[in-house]
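The values are calculated or read from the model by the stated rules, or taken from the named source; none is laboratory data. Because the structure is a prediction, the values reported are computed rather than measured. All Cβ positions, even for glycine, are placed from backbone atoms using ideal geometry, and neighbour counts span all protein chains on display.
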Amino acid sequence: MAKGRWLLAVLGLLALAVQAADLGPRTMDKRWLFVWRGMDDAKEVDRVIERLPAASAAGYNGVVLPANVAPERAPALRAAAAKAGLDLVAVVMGNPRDRNYMEGVEVKDALFVVRDGALAFVPDNPIRLLNTDFEQAAGNQLGGWTMQDDPGVTTFVDREVYHGGKAALRLEDVGRNAARHARVAQAFRLTPQRQYRISFWAKTDGFQPVDADVKVLTADASKTICFQTFRADRTQDWKRYDLVFNSLEHSDARLYVGSWGGDKGRIWFDDLSIEEIALVNVLRRPGCPVTVRRDDGTPLAEGRDIGPVIDRQLHPWRGWHEPPVVKVLPAGTLRDGDRVRLGYYHSLIVYEGRLNGCLSEPKILDDWRDEVRAADQLLHPAAFLMSHDEIRVANRCALCRGKGLTPGALLAWNVKQAAAIIRTARPDAGIWVWSDMFDPQHNAVDDYYAVNGSLKGSWQGLDSDVGVVNWHGELAGRNCQFFADLGLRQILSGYYDGDDDGSAVTRWLANTAGVKGIVGAMYTTWEDKYEPMTTWAKAAWGEARR
């Protein structure tokens, strides 16, 4: 009995020791410096090399950078990193090299009429908007717009400064509104699964912050339909903007023009329009088929009835350009006046230029294999960081939808394939991935931008040897327990161009005290700001790591 009590006591002491070890000082073995520049430029590689001695002196032991390093400077980079005692970590598996392999959004049965040997696009239901030249008004109260914030206070009808006609909408000193809003809005109708363009002119005078937007939301304002935004300068003359969106499954919509967080200065809008368009940035790949038929449903064919449906100006990062002309072939059955329905897929911009590739196409996985092999030959990195982050368009193309998976399950499948590619090429290398798309407190949620379905469950694709680079700055580590419960290692990705004194990473460390598997921190700058990296390092891992 005494022996049993003694054994229990020993086991209890061992349990306390293990718990104390779990809660004890973190090793912070991964002390990384992040670089996000075009490494195919030899001058940028040299800038990294110049920075390595200072990074080493501050206690960093790894540098994370894109894998496409200029080949002629790769040996010098490897030698400099080795001399400074820094591992190389290669960022891989970003957007596809072939633009056709961006994720595609479907346009279904767009209407064309045969005219003079070509297909002429004809909108089924032309958009009907009211007073988009802002000419109709009683004082500062606009006609046709069913919602207007603070007429005569923050929203004005300007009859002296305008682009066309005799008036323009002016937003001024938006900060005078209690909610810092200055908006006008009206409802309109869309045809589901069609492509649209918003066009307008804007002018600014000391407008700050430059946050004004033109939005298309659902009728109840619960979901975004147009995800593309535009950039204006604080002060600029009249400039034209074109934003392209897909109506997705929506028909009832609401147009907003305005500012949601403005302060000072003025911005003008004029000559706004929305129109259905077709065949802009058409994607041609196996998962994005083109369909063509008569209006009565009779199938037609490329190469027999019409020429190829190819957008030779395909540029997914540029929302609008003149669409291609599709020829009608003389040997086919189409004649002038015939009505034709075309189905196709196009790329979709989120914000000013965010796009992502398809999650299903085998060619993308083949390209990733080539990329990892090339990175290994060039850099022989100690680890790879997979670029699975902010995937805002997914499960939309025919191939992805054909798998019958939720976006979360589809992403889980994809990241497993990606990790296996690295594991096969370099069994000894570390594998890491950004946190956001696998975090239910971040982007692994329902209704994420233009993702078709829920991203929940994506974390099930993370194997135990895949580490997580956690960058949710708003939570500052309070989401780390989720990944710890999955048995995954984590690196705290701090700085983000706003933690010059290290106070934010100090909060991260406090919030994750006792969380298992925190093995490091990464100074993450997207704006190429490295002056605070030593101060930040002191807060992240202290003097002892030098």
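Here are some notes:
- Taking first residues from the stretch 124-141 that are not assigned by TED's automatic domain parsing to the domain that holds A185 and surrounded by fewer than 12 Cβ atoms within 10 Å (Cβ to Cβ) and partners that are of a type in the set (S, T, N, Q) and in a loop (DSSP other than H, G, I, E, B), the Cβ contacts under 8 Å between residues at least 6 apart in sequence or on separate chains come to D124/T191.
- Residue list for the stretch 449-461, restricted to those being more than 19 Å from the chain's Cα centre (by Cα) and crowded, with 22+ Cβ neighbours inside 10 Å: G461
- Qualifying residue in the stretch 524-541 (condition: closer than 27 Å to S222 by Cβ and at pLDDT 95 or above): no
- Condition check for N131: assigned to a loop (DSSP other than H, G, I, E, B), closer than 30 Å to R426 by Cα and touching a Gly at 6+ places or on another chain (Cβ under 9 Å): no
- Selection from the stretch 265-282 of residues that are crowded, with 20+ Cβ neighbours inside 10 Å and within 19 Å of D133 (Cβ to Cβ): I267, W268, F269, D270, L272, I274
- Selected residue (criterion: nearest to the chain's Cα centre (by Cα)) from residues of the stretch 291-315 that are closer than 15 Å to V326 by Cβ and either part of a strand (DSSP E or B) or aromatic (F, W, Y) (or both): T291
- Within the stretch 475-497, being within 22 Å of the chain's Cα centre (by Cα) and over 12 Å from S435 (Cα atoms) holds for L475, A476, G494, Y495, Y496, D497.
- Criterion violated by P192 - all others in (1) under 30 Å from T333 (Cα atoms); (2) assigned by TED's automatic domain parsing to the domain that holds D270; (3) surrounded by 15 or more Cβ atoms within 10 Å (Cβ to Cβ) satisfied: (3)
- Selection status of L243, over 30 Å from D158 (Cα atoms), part of a strand (DSSP E or B) and outside the structural domain of P362 (by TED's automatic domain parsing): no
Yes/no matrix, rows are residues, columns are (1) surrounded by fewer than 24 Cβ atoms within 10 Å (Cβ to Cβ); (2) β-branched (V, I, T); (3) over 17 Å from V105 (Cα atoms):
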residue	(1), (2), (3)
L378	yes, no, yes
L385	no, no, yes
N395	no, no, no
R401	yes, no, no
G408	no, no, yes
Q417	yes, no, yes
F438	no, no, yes
N443	yes, no, yes
D447	yes, no, no
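- Residue check for T235: surrounded by fewer than 16 Cβ atoms within 10 Å (Cβ to Cβ), among the hydroxyl-bearing types (S, T, Y) and in contact with a strand residue (DSSP E or B) (Cβ under 6 Å, 6 or more places away or on another chain): yes
- Among the candidates G453, G477, residue that is in a loop (DSSP other than H, G, I, E, B) and in contact with a Pro (Cβ under 6 Å, 6 or more places away or on another chain): G453
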